[in-house]
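The values are calculated or read from the model by the stated rules, or taken from the named source; none is laboratory data. The structure presented is a predicted model; accordingly, all values stated were derived computationally and were not measured. Cβ atoms come from the backbone with ideal geometry, glycine included; neighbour counts cover every protein chain shown. These accessible areas exclude ligands, DNA and RNA; they are computed on the full protein's heavy atoms, side chains included. Shrake-Rupley method; radii C 1.70, N 1.55, O 1.52, S 1.80 Å.
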Amino acid sequence: MSLLAVEHVDTGYGPVAVNRDVSLAVHQNEIVTILGPNGAGKTTLLRSIAGLVKPRRGAVLFDDRDVTALHADEKATLGVVMVPEGRHVFADMSVRENLLLGAYCRKDRDAIEADIALMENYFTILAKKRGAKAGTLSGGQQQMLAIARGLMARPRILLLDEPSLGLSPLLVSELQGIIIDVREKFRAAVLLVEQNAGLALSVAEQGYLMNSGRIVASGSIEQLKQSPVMQELYLGKRAQQNHGPSRASP
Amino acid sequence: MDIFVQQLVNSLSVASVTILIGIGITLIFGLAGIVNFAHGEFLMVGGMATWFMVGAGMNFFVALVFAGLLVGALGFAAERCLFRFTLNRPMNGFIMSIGLSVILQHAVIRVFNEFQKSITDPVGMVWTIGGVDIIAMRAIVVAITAVVVAITYFGISRSRYGMALRASVSDRDTAELMGIPVRRYVTGVFIYGSLLAGIGGALMISLFPITPFTGSVIIIRGFAVSLIGGLGNVGGAVVGGLVLGLVDGLSAGYGYPEWTDAYSLVVMILILVLRPQGLLGGTLGPKAS
Amino acid sequence: MSMPVTDNSAGKTGAATSRTRVSHRLALLTADNASVPLPASVQAIMAILLAVLLIALPWLGLGYRFLSIAITTLYMAIGLYGLGLQFGQAGIMSVGHAALMGVGAYASAILSVQLGLGFWTSLPFAMALSAIVGGVIGLPTLRVGGQHYIIITFCFCALFVIVLTNGGAFTGSATGLDVGSVTPLPGINFDKLSNNYYLVLAALFLALAATYLIGISRYGRTLRAIRENEQLARSVGINVDLHKLGVLMVSGLFAGLAGVLQLYYLRHISPTLFGAFPSLYLALMVMLGGARYLYGPLIGAVIVNFLPEVLNLDPVDSRIAYGICLLLVILLLPGGVGAGIKNVYCALTGGSGTQTQGGGSNGRA
Amino acid sequence: LQTARADEELPIGVIAAQSGSFVSAGNTIVGAANLAAQQINDAGGIKVGGKTYKIKLYIRDNRTDVNVTIAAARELVNDIGVKAIWGTETHDFSVSMAKITGPAKVLQFSGNSSLGAVLDDKAVAEDGWLHYAFQSEPQEWQRSGSTAKGVLSLLTPQLTSPPKHSVVFVGNDATGQYLSSHYVKALEAEGQKVDLVQYPPDTTDFSPLLTRIKGMKPDIVHFWYNGDSTLTAFPQALKLGVAPSYFLFGVDPGIYQERSLKADVPVTLSCVPVCWGSSPYPEVKQYFEKYFGLGAAKGPQSSVSLLYYDYFFWYAKALEKVGKLDDPDAVVAELLKSDYKGVVSPVPLVFNKHHQVTFATEVCMVEPNTSDQFKCAVEQPPAAPPPGDNGG
Amino acid sequence: MEARMAALEVRGLRKQFGGVVALNGIDLDIDTDRVVGIVGPNGSGKTTLFNVVTGVHPATGGTVLWQGQDITNIGAHRIARKRLVRTFQQAMSFPGLTVGENVRIAWEQGRRGGGRWASPGTILDFVGLAPLGRAIAGSLPFGSLRRLGLAVALGVSPELLLLDEPGAGLNDSEAQAFAAVIAQLPPQGIGVCLIDHDMDMMADLCDRLVVLDFGTKIAEGPPAEVLADPKVREVYLGPDKKAAAS
Ligand SMILES: Nc1ncnc2c1ncn2[C@@H]1O[C@H](COP(=O)(O)OP(=O)(O)OP(=O)(O)O)[C@@H](O)[C@H]1O
Ligand SMILES: Nc1ncnc2c1ncn2[C@@H]1O[C@H](COP(=O)(O)OP(=O)(O)OP(=O)(O)O)[C@@H](O)[C@H]1O
Ligand SMILES: CC(C)C[C@H](N)C(=O)O
Ligand SMILES: [Mg+2]
Ligand SMILES: [Mg+2]
């Protein structure tokens, strides 16, 4: 049975409809990625899974339990944890406090210090900046903190929204290892939204392709890579017509 | 000299009530992000309730507890029915709280009347120590405040709640993503802050009479204290309350009396301008817009 | 220097904006959105209807009480247009605005008592002084924001009252000052209530026109840019500090005008008129009406001044009812009545209005 | 029955605070007006020029707001066409109102002795802006003189040595500033060394200022305007033991008793002008029975209603004498030359040229350690303002 | 006077935050006819460099010369008016206003003393946001927000544009489209200096790369050369990363 199942979900903000009839499934210990162009509705979908946006229709099942109506904090307690797009660190609080807040709903208090050590091992800068206010970190450092903070929750499923944003190439390649660690060490599933297709395709097993709020293709990563939609929409070297001029001819 | 000591004691006891209301506000405003102008009315209601209960024959200290609980319940109702809906718009919350304050003032007038109410001094003793007259009740007020401050300080700074609350102000959504039950905490803080206002009201009426309009006078000090001390900072509220209390007491005692209120206003403005993050630092509070 | 406030680091501001970005996304669900204008034809029709109504008011046989309250409403509205500008456009709220009106009123009264200047001759000086004082009180906005500035303005207001109260014969102390009536223009005697009304109305039209022109001008956009994102505003070349002081001075001009009109309507002023509570009520009016809407301040002033008249219950009950109405307005129309009216219009015409239901807990209320 | 139908109405306006911060003062005007109108109407009304008129009151709440006051005055004067207005209880409002009633030639009876500051020869002259305004308080130097004499004569025998040093403690608002300026002169005329301490109008915690006063070692502390604040401050002063004797201006013995106040030192109280809690005059007693019987609240200064009440009858008398309703100038002239023996004073009231009357203020002393043992005295006001007091 | 002066000359620039030395004596010359890239590990001081140059933060030491004038610490808005304009790493907008208004505000500022754009609309066309002109900036998806950030900066009619991670959050094809827009700038007399971690894009776009580490410049030169530098590979690209030029 799948760990997380999204069934025929519609979402939107006020009068604006975003996702339409989206269904997907993530199994225990699986890394699944959602790809799609800018504005496709990926973030909105993750927000609705995490409980920040309430689906207008459809259901979100976690562990076969209907969690559609739960609030974000309740979902976090169940183990559905999201690393939001654009970092959202608690700027006025120290790096350490941010990490502790990540572990807020954990019951095993004793293991928290060990996990902080683990995070500081993943991202050594966090050790150096332990007492600094999170708001004073550089962009990439904040991104690391946001990822680490999410991991501190020891989630059962981690929703990652563009985790590679602003990370140096060196760190992006390390991130790859960390995502795999989430599965291996934390025994958790990952739902990854990424614009860095290289990263997404190399770690994920399953993938969904989204456009204009709908799932337009899905399957194993291998299948996806072959799919023509993917070629055109995502990896295609062709520039999008209505989103900018085509490149000046060489 | 004995007059000076007496002035200090006076200031301290008044500062205590200011501190109680300041803490309530600093918690609600700094941590839950709700600007509650009706907080002063909560205090007034606490005082009026105490007056009523003591008048009905209840012991003052029992009445104090009930006043706290009553106003706590009032806070709960206000949060659930009103402020919950303006969390994203502090200015709207502010305006709504003005409406609430008008309602509470006149509801009290409707139930009782507009005249001031007082109770006889529940302790009724004056200690003369080294030629200094100290009204016993004033000392008790200081003591009760000290205990409340200690409990609050411990609750906020030593537990994870404080951290979670600060996170909630700075980014509500993300705090929820961390599993922090933001709404429940906001409610909790609101109830607790209101409870403090209730106790403050009870203590106040033990010192001097109050009228249905007392709240609107005291509220500004409360806001000033919470900002001067640093939003969300309990220790800051204590320091802010002491500073204002002392400035008030000493300027009344030694300044030009007709300018009495001006001294503390000037001090407030100066502190707010020179140290916007408050004397002890705090959250910068929710964005006003 | 201490880090967070003056020394906005890249990371810090980054986080701060991301915060605003999210809250703004949420706000969109509930917020007024004044930047989507109504069609020009609708605007023009509304303006003409309103002007006709206001001009015809003394002829409708509504009585002197009504007309008196209308004058009160209008001079307050003029002051509110200043507040609407500084809050609605530039995002700087003040709960000391009555004091600023007081500066104008007192300046004019003192000029009348000391130098014998009348309404017309003292008006420019009074407005200029209000503007200057507005700018000076505004200096702290360069350092502190939001709630802090609100408390500062409140303190200023209380301080102003104390100064007036202890100002001796110069300010008339607590008793205040008296002035004669407005110097008549050829053929127009302002002792006649309707003429006094038209005087105030003319000033209101001026305020409305100024607000409208500012709103659609580059200046208005510049102010809104500051309101929305100070740092970005700086980075596109806007002198944020100067504009903040500037808009407070412009706001002071309106306040001064309103204050002088108030003075010559009441013909006797005293310190308590300009204290903390009148100020609070001004803030309330502007929020109720909707600071970002052209007619918002006027609507707010009308509601606050006429609601007690309409309710006209037993005084205590009337206050309670008034409070309840206030709560309902804020709960049901978070963007102010202005936003509500616009939404109704948009709903009727099927245009894309702005969502105002729910009052906004995270889009899942 | 036919006469009843033939009755016509005499519209009279009342503007008073029935909400906002001045309610307790406002209540006195409304209470007095209701009682007087009822009594006059029950007695058959006012006979003017062969017709009988019944008083029809138009009572307007000013919400303690000057804008509403003005709107109400406009309404009463221009929309309803009242012949006279009673109100208000505060200087600002009365002055702004006078600018409407004056040009319309509507008589205005206002309860502010501070009007004395503007009631000068020019203002009350026929073309003056206060020609139609009358003050329903004595001249302040008279009230102050009468009060100071009463206080000192009652307290001196109670103290071990004659009092020399007085502190006047007063609210820093318009009335307080005006009233105390005269009272200080009056005390000085009686040989007192006087310190004036003003408190901000909204003060509730008086202990810092009181402690300061204690440091001045006064013989008497005079709690001057206003009575509500005095009731807050006085118990605090007792606890702090500020002075060996006190005077409470405008706190009626009735209230002292109701609040069961008690002091171990001699305390004097004054009423404005006669006490409802303890009065030497039977008419006054009767008056208050009826006044409170109509449901008026018992306040520290309920007795200020007396003069508003008397003015109704005086005005009615003047109207009957003039015999015309629409000749306000004649009514003013008649009021100025007539006298009236009302309840407020055993001596008939007469208006001086500045539209003010003269009457004595009752001062009482309460026995130490009791709440209800009063000894009262009525000292007549001095004949002339004390030195340094210009009488304004 | 030197024979040839770069438009922007940074000399010995230092910035210290408390104990943290974010910039440790940076020298840099940037001209307005080409694209210069700044790369470096997270926290190496790239954003801080932009912040100090554009007056967001005061410099602790060193000077910034712009067209021969000393502009160190003269205030952000005055620098922008001299047509030295930047974007922010965390994409910024005037969130409550429409996209059109956002751009118009910048355009109006840029128009003082003659701007290069006929109307705000031309800018929207140029960056491909024209269809979204009436959308509220705060509700834009990430990618469009970045585009808006660029449009706002362009609106000021810059002569040198400092872009902080303009490509972050864009997928490959979007990044390419974006790069195409940027590549059009230098020929029109708008110099570009950009920070980004997308090495494919940087190698494509930049004429010269500058590498920062711990607040110091550790390498500078043509992209291919710099990216092959072992020191750069070690601190920035990671040992096994296939170097840029693809
Ligand atoms: N608060 C909001 N109000 C209205 N519309 C919104 C809001 N937030 C997002 N949208 C709209 O929803 C759509 C989907 O946005 P979303 O952020 O989910 O896209 P995305 O796939 O995550 O894009 P990106 O890759 O750029 O992050 C967009 O068209 C956006 O404009
Ligand atoms: N306001 C500040 N207070 C203290 N330290 C700061 C502040 N701003 C930046 N720093 C520190 O300065 C260093 C440089 O930060 P900067 O933002 O310039 O890095 P960056 O090169 O842009 O990194 P990234 O690629 O992650 O965006 C970092 O260590 C950061 O923590
Ligand atoms: C009752 C008095 C204390 C006040 C009164 N209205 C006066 O002005 O004289
Ligand atoms: Mg997204
Ligand atoms: Mg950076």
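What to note about this one:
- Average partner coverage of C:138-150, which counts Cβ from other chains inside 10 Å: 6
- Rounded to the nearest Hz, the phi-derived 3J(HN,Hα) couplings of the range A:65-73 under the Karplus curve 6.51 cos²θ - 1.76 cosθ + 1.60 (θ = phi - 60°) are 10, 6, 10, 3, 8, 5, 7, 4, 5, where x marks glycine and proline.
- Paired Rg and Dmax values of chain E, which use every Cα atom, in angstrom: 17.5, 51
- The protein assembly as shown: antiparallel DSSP beta bridges as a percent of all, rounded to 5: 50 percent
- Short to long, the 10 Å bins of the Cα pair-distance histogram for the range A:2-236 hold 8, 34, 37, 18, 3, 0 percent of all pairs.
- Exceeding the 26 Å Cα-Cα cut-off - candidates D:K298/D:K337; D:K290/D:K337; D:K149/D:K341; D:K285/D:K321; D:K239/D:K375; B:K117/D:K56: D:K298/D:K337; D:K290/D:K337; D:K285/D:K321; B:K117/D:K56
- Label point distance in nm, D:H165-A:D10, each placed 7 Å from Cα along Cα→Cβ: 8.6 nm
- Label zone at A:Q231, where the point sits 7 Å out along the Cα-to-Cβ direction: the range A:200-224 residues whose backbone N lies under 14 Å: A:223-224
- Averaging the sequence gap over all C-alpha pairs within less than 8 Å and six or more residues apart, then dividing by the number of residues, gives chain A a relative contact order of 25 percent.
- Cα gyration tensor category, rounded, prolate or oblate, for the range D:170-265 with a/c compared to 1.5: rounded
- Shielding by partners, peptide C:265-277 (average Cβ within 10 angstrom, other chains): 5
- 14 Å beta-carbon shell around B:D2, net charge (K/R +1, D/E -1): +2
- Using the Cβ-Cβ distance between E:D27 and A:A117 with R0 set to 41 Å, the FRET efficiency from 1/(1 + (r/R0)^6) comes to roughly 0.55.
- Phi angles of the range C:265-279 translate, via the Karplus equation with coefficients 6.51, -1.76, 1.60 and θ = phi - 60°, into HN-Hα couplings of 7, 6, 6, 8, 10, 9, x, 4, 4, 10, x, 5, 6, x, 4 Hz per residue; Gly and Pro are given as x.
- The range C:66-348, relative contact order in percent, only Cα pairs under 8 angstrom and at least six apart counted: 35 percent
- Looking at chain E, the DSSP beta bridges with both ends there are about 55 percent antiparallel.
- Residue order for A:V9, D:V194 - accessible surface, 1.4 angstrom probe, largest first: D:V194, A:V9
- Inter-label distance for D:K262 and B:A143, nm, one decimal - labels placed 7 Å from Cα along Cα-to-Cβ: 2.5 nm
- Reach of D:K51 by Cα under 19 Å, taken over aspartates and glutamates that are not fewer than 8 positions away in the same chain: D:D7, D:E8, D:E9, D:D42, D:E320, D:D326, D:D327
- Gyration tensor verdict on the range D:329-392 (Cα atoms; rounded if a/c is under 1.5, prolate if a/b is larger than b/c, oblate otherwise): oblate
- Value of D in µm² per second that Stokes-Einstein yields for the range C:46-181, Kirkwood Rh from Cα pairs, at 20 °C (1.002 mPa s): 126 µm²/s
- Nonlocal amide H pairs with D:K56, under 5 Å, H built at 1.01 Å: D:L10, D:I12
- C-alpha long axis of helix D:23-42 to longest principal axis of chain D, angle in °: 40 degrees
- Across every direction, the projection of the convex hull enclosing the Cα atoms of the range E:91-157 has a mean area of 3.6 nm².
- Per-residue ellipticity at 222 nm, computed for chain D from helices alone with -39500 (n - 2.57) per DSSP H run of at least four residues, works out to -12000 deg cm²/dmol.
- Taking 0.36 nm per residue of separation and subtracting the current Cα-Cα distance, fully stretching the chain between D:E367 and D:D327 would add 9.1 nm.
- Volume per residue of the C-alpha convex hull in the range C:182-270, rounded to whole Å³: 122 Å³
- Globularity index of the range A:158-214, i.e. its alpha-carbon radius of gyration over 2.2 N^0.38 Å: 1.13
- Eligible lysines near A:K42 by straight Cα distance, threshold 22 Å, same-chain separation 8 or greater: A:K54, A:K75, A:K225, A:K237
- A Gaussian network model of chain D, with springs between Cα atoms under 10 Å, assigns the largest mean-square fluctuation among D:C364, D:C271, D:C376 to D:C376.
- Taking amide H atoms as placed 1.01 Å from N in the peptide plane, the amide H of D:W86 lies under 5 Å from those of D:G13, D:V14, D:I15, D:F109, each 5 or more residues away in sequence or on another chain.
- Hits among lysines - C-alpha to C-alpha of D:K99 under 17 Å, sequence gap 8 or more where chains match: C:K192, D:K83, D:K122
- Across the range C:237-243, coupling constants 3J(HN,Hα) worked out from phi with the 6.51/-1.76/1.60 Karplus curve, θ = phi - 60°, read x, 8, 7, 4, 4, 4, 5 Hz, and Gly and Pro carry x.
- Size descriptor, Kirkwood hydrodynamic radius, that averages inverse alpha-carbon separations across the range B:135-289, Å: 17.2 Å
- Residue-count net charge about B:G232 - beta-carbon cut-off 11 Å; Lys, Arg +1, Asp, Glu -1: 0
- Diffusion of the range C:66-348 by Stokes-Einstein, at 20 °C in a medium of 1.002 mPa s and with Rh set to the Kirkwood radius over alpha-carbon pairs, works out to 112 µm²/s.
- With Cα atoms, 0 to 90° folded angle of helix D:282-293 axis to chain D main axis: 80 degrees
- When B:R138, C:R234 are compared by accessible area at a 1.4 angstrom probe, the order from most to least is C:R234, B:R138.
- Dimensionless Rg/Rh of the protein assembly as shown - Kirkwood Rh, Rg from C-alpha atoms: 1.03
- Averaged over the residues of peptide B:101-111, the number of Cβ atoms from other protein chains lying within 10 Å of each residue's Cβ is 5.
- Per-pair calculated FRET efficiency, R0 = 22 Å: C:L213 and C:A128 via Cβ, rounded to 0.05: 0.60
- Pairwise Cα inverse-distance average, inverted: Kirkwood Rh of chain B (Å): 19.0 Å
- Basic side chains Lys and Arg get +1 at the Cβ, acidic Asp and Glu get -1 at the Cβ, and with that the dipole of the range D:1-155 about its Cα centre reaches some 320 debye.
- FRET efficiency, 1/(1 + (r/R0)^6) with R0 30 Å, evaluated for C:A347 and C:I55 via beta carbons: 0.50
- The residue list B:V182, B:M91, B:Q105 was ranked by how far each Cα lies along the charge dipole of the range B:17-215 toward its positive end, using unit charges on Cβ atoms, and B:V182 comes out on top.
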